[in-house]
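Notes to accompany the following structure.
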Amino acid sequence: MSDQWRVELHSHSLWSKDCVVSFETILKLCEARQITRIAITDHNTAEGALALHQRVPDRVIVGEEIMTTRGELLGYFLQESIPAGLTPQETIRELRAQGAVISVSHPFDRLRKGAWEEADLCAIMEQVDAIEIFNARCIYPEDNARAIAFAKAHGLRGTVGSDAHSRSEYGRALQLMMPFSNAQEFLESLDKADHVGRYSSALVHLHSKTAKWSR
């Protein structure tokens, strides 16, 4: 549908230690690739997202990818950063206090430090809004397939994201959504959303390592 928004729900900026892409570059890529809205979900900080949202509130969703003691969570529509290292339940309480929407990052990616054990995910599935069913950085498609099956089995919404850390990645996986202006409308739109997604080359992980080394 022509009035659908193309929404990037998992992306990083130079506020993440493994990314060196500037705000200016991200905004240019959004324009070039027709990304209507982009969630900046830097590792364990919302400061960059808050700063960019101040500049372009009609483009940026304030997000954060938060490392808990069991795995990573994605928060959207944040008001302030949430620290790493809390339990999943503590992190969820902090997110709910801000009225945030909560998804689970790349839950079953066997190569990620922030992936989840299924038992730990089952313990929080009634407390989150969605799980990520397609992450363009997953090297093994079976890991995304497992997330899709888990979401279907437990009646959870699915989100998709590029998990972009380098220029080539922004817009690789997009949620196709009806327009929204707040967290509640976002959830209502997500219920009816579609998505498109292509895997990134495994070589993009080298960009992240190079970014870390360069710092």
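The values are calculated or read from the model by the stated rules, or taken from the named source; none is laboratory data. None of the values given here were measured: they were computed from a predicted structure. As a convention, Cβ positions derive from the backbone with ideal geometry for all residues, glycine included, and neighbour counts pool all protein chains shown. Ligands, DNA and RNA are excluded from the accessible area calculation, which covers all protein heavy atoms including side chains. Shrake-Rupley method; radii C 1.70, N 1.55, O 1.52, S 1.80 Å.
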Q: Evaluate the following for ASP163: is it open to solvent by 20 Å² or more (accessible area, probe 1.4 Å) and charged (D, E, K, R)?
A: no
**Q.** Qualifying residues in segment 96-113 (those that are closer than 18 Å to VAL60 by Cβ and out of contact with any Phe, Trp or Tyr (no Cβ under 7 Å at 6 or more places or on another chain)) - the one least open to solvent (accessible area, probe 1.4 Å)
**A.** SER103
Q: Would you be able to say whether some residue in segment 119-133 is in contact with a helix residue (DSSP H, G or I) (Cβ under 8 Å, 6 or more places away or on another chain), within 14 Å of GLU65 (Cβ to Cβ) and surrounded by fewer than 19 Cβ atoms within 10 Å (Cβ to Cβ)?
A: no
Q: Could you list all residues from segment 1-41 that are under 20 Å from LEU176 (Cβ atoms) and among the aromatic types (Phe, Trp, Tyr)?
A: TRP5
Q: Please find, within segment 65-76, the residue that is farthest from PHE108 (Cα to Cα) out of those that are open to solvent by 10 Å² or more (accessible area, probe 1.4 Å) and touching a residue at least 40 places away in the same chain (Cβ under 8 Å).
A: MET67
Q: Could you check, for segment 171-186, whether at least one of its residues is among the polar types (S, T, N, Q), in a strand (DSSP E or B), at pLDDT 95 or above and within 18 Å of the chain's Cα centre (by Cα)?
A: yes
Q. Among the listed residues ARG110, ARG70, ARG93, which satisfies the condition of being basic (Lys, Arg), under 25 Å from SER189 (Cα atoms) and at pLDDT 95 or above?
A. ARG93
Q: Quickly run through segment 45-64 and pick out the residues that are assigned to a helix (DSSP H, G or I) and surrounded by fewer than 17 Cβ atoms within 10 Å (Cβ to Cβ).
A: GLU47, ALA51, GLN54, ARG55
Q.
Please pick out the residue among ARG146, ARG137, ARG172, ARG157 that is more than 25 Å from ARG59 (Cα to Cα) and surrounded by 16 or more Cβ atoms within 10 Å (Cβ to Cβ).
A. ARG146
